[in-house]
Amino acid sequence: MIQQLKTGVRKAQRAADNAQIRATVEAIIADIEARGDEAVREYAAKFDKFEPKSFRLTQDEIDACIASLSRQALEDIKFAQAQIRRFAQIQKATLRDVEIETLPGVVLGHRNIPVNSVGCYIPGGKYPLIASAHMSVLTAKVAGVKRIVACAPPQNGKPSAEIVAAMHLAGADEIYCLGGVQAVAAMAIGTDSIAAVDMIVGPGNAFVAEAKRQLFGRVGIDLLAGPTETMVICDDTVDAELVAVDLMGQAEHGPTSPAYCITTSKKIAAELPAATETVLARLESAPTARTAWEDYGEIILCDTDEEALAEAERLCSEHVQVMTKDPDWYLARMTRYGALFLGQRTNVAYGDKVIGTNHTLPTQGAGRYTGGLWVGKFIKTHTYQRVLTNEASAAIGEVCDRLCRLEHLPGHAEQAAIRVRRFGGSNAAGQAA
Ligand SMILES: NC(=O)c1ccc[n+]([C@@H]2O[C@H](COP(=O)([O-])OP(=O)(O)OC[C@H]3O[C@@H](n4cnc5c(N)ncnc54)[C@H](O)[C@@H]3O)[C@@H](O)[C@H]2O)c1
Ligand SMILES: [Zn+2]
């Protein structure tokens, strides 16, 4: 039996909230399209109280950011980037160009080509999410992207030194202190001061995610990576404190971040509400995390792993931590999620910051059709073909001629037929079939 012991009080409000966000974003994009830099400036002043001479950082400003960091901070950023780079390189190696003779004289192939220019959005409204610089900029660099633009909003009226350092160390070619819809739209549409890019990537709040959604088509996007969602699937092999720490740890991202506990343990289900209070009492971010938990938190008690699996699949959470006696049982069966965190020894924060997997992950059910950001998202696979012999050209041409006529396309049919006439004998079709 599946029992919903706690549900988020604001969950039903979600659709109305989303409609409001859609309208706001649409208006900002239209305005930036019409008025370019002038509009970008006004939105930066309005939303971020930021009015610099130039949004683009000079090399001197970048150097000053790096110089302001402690040695430890720089070493830690470099350590994280080394892990992310290594895993991205290994993933890239799985992508191979192919060329194969599929029929005698018929050669088909594909080439993997990096996107030429990419705009990376690094979130920084509430917290400076330094790690997002590694996840987007560094991964694009490993993919071979030639021009990498990076944008992050100001923190307390100036660029975040840590984010700027991470962007630079990851290989960003242009760094702007610009946030929100105005940053995403400026990079996608292009203005007098920012040349348009081919693709926008990176996580962000609901406004940023919606801006990417609306701009998709005009530019490519990686995926919809909006407000963080976290899920813990657990049984009696863990205790309520660890579960509460892992749920509240991610709930601090923002007041609209769902945190789900799916458990087969009656004990954890009973103890979790009090345990979350204990954990919140020691977090500075408690007001945000508490709102997220009250508005969107859920506790679901199941009798069996099969039921827990079904609930996890239904909710399709961005992060799914499995702390049960056999986490691999879930690894083998789950099909809808952003990323899995298997066993008590790891957790979402490791993945968010340092372990090496990408933290930009699908939210709001996008895990049904895509995984997270990875080097492959920056790489386009383009096919090509050539035909080596007259015989092969005529053989394919005869079948093609007939198939085009089935579709009532005489122009297409003639493209095939002229080749049959020029290159072929009459029995060529039989050889190709
Ligand atoms: N899915 C993922 O992979 C992933 C990873 C990391 C972080 N995140 C999410 O990224 C988000 C970061 O959010 P954030 O807000 O701290 O930073 P952010 O940088 O995404 O957004 C800040 C910007 O939002 C804009 N903004 C704020 N209020 C607005 C309004 N009312 N109208 C229009 N624009 C407005 C401002 O321009 C500001 O610059 C969090 O929700 C976090 O959960 C997601
Ligand atoms: Zn997180």
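Debye-formula intensities of segment 203-270, expressed as log10 I(q)/I(0) at q = 0.11, 0.20, 0.27 Å⁻¹, are -0.39, -0.78, -1.08 (one equal scatterer per alpha-carbon, no solvent). Taking all Cα pairs closer than 8 Å and separated by 6 or more residues, the relative contact order of the chain comes to 19 percent. Protein heavy-atom surface of segment 227-371, 1.4 angstrom probe: 52% of the accessible area is carbon and sulfur, with nucleic acids and ligands not counted.
Excluding same-chain neighbours fewer than eight residues apart, the aspartates and glutamates reachable from LYS353 by a Cα-Cα span under 20 Å are GLU75, ASP76, GLU162, ASP222, GLU229, ASP246, GLU252, GLU284, GLU318.
The rule of thumb for compact globular proteins, 2.2 N^0.38 Å, goes into the C-alpha radius of gyration of segment 291-335 1.23 times. Compared with the dominant principal axis of the Cα atoms in the chain, helix 390-406 is inclined by about 70°.
Considering only Cα atoms, the convex hull volume of segment 300-433 works out to 218 Å³ per residue. Average accessible surface for the chain: 47 Å² per residue, computed with a 1.4 Å probe over protein heavy atoms with every protein chain in place.
In segment 1-91, what percent of the accessible surface is made up of carbon and sulfur (1.4 Å probe, ligands and nucleic acids excluded)?
Whole-percent figure for carbon plus sulfur exposure: 53.
Which number do you get for Rg(Cα) / (2.2 N^0.38 Å) in segment 25-180?
Computed over Cα atoms of segment 25-180, the ratio equals 1.28.
When the Cα centres of segment 55-129 and segment 215-264 are compared, how far apart do they sit, in Å? Cα centroid to Cα centroid, the span is 25 Å.
For the chain, the longest principal axis of the Cα atoms and the long axis of helix 410-423 meet at an angle of about 50 degrees. At the listed q of 0.07, 0.08 Å⁻¹, the Debye profile of the chain, built from one uniform point per Cα, gives log10 I(q)/I(0) equal to -0.44, -0.55.
Relative contact order of segment 227-371, please, whole-number percent, based on alpha carbon pairs below 8 angstrom and at least 6 residues apart.
Values: 296 pairs, mean separation 38.6, N = 145.
Reported relative contact order: 27 percent.
Close amide H pairs (under 5 Å, H built 1.01 Å from N) link ILE221 with ILE200, residues at least 5 positions away or on another chain. Counting only DSSP H runs of at least 4 residues, each contributing -39500 (n - 2.57), and dividing by the residue count of the chain, the helix-based mean residue ellipticity at 222 nm comes to -14500 deg cm²/dmol.
DSSP beta bridges confined to the chain are antiparallel in about 40 percent of cases. Taking ASP235, ASP97 and ordering them by how much accessible surface each has at a 1.4 Å probe, largest first, produces ASP97, ASP235.
Packing around the peptides 246-253, 407-414, 82-89, 101-108, taken as the average count of other Cβ atoms within 10 Å per residue, puts them in this order, highest first: 246-253, 82-89, 101-108, 407-414.
The values are calculated or read from the model by the stated rules, or taken from the named source; none is laboratory data. Note that the structure is a prediction, hence the values are computed from the model and not measured. All Cβ positions, even for glycine, are placed from backbone atoms using ideal geometry, and neighbour counts span all protein chains on display. Surface accessibility is based on the protein's heavy atoms, side chains included, excluding ligands, DNA and RNA. Shrake-Rupley method; radii C 1.70, N 1.55, O 1.52, S 1.80 Å.
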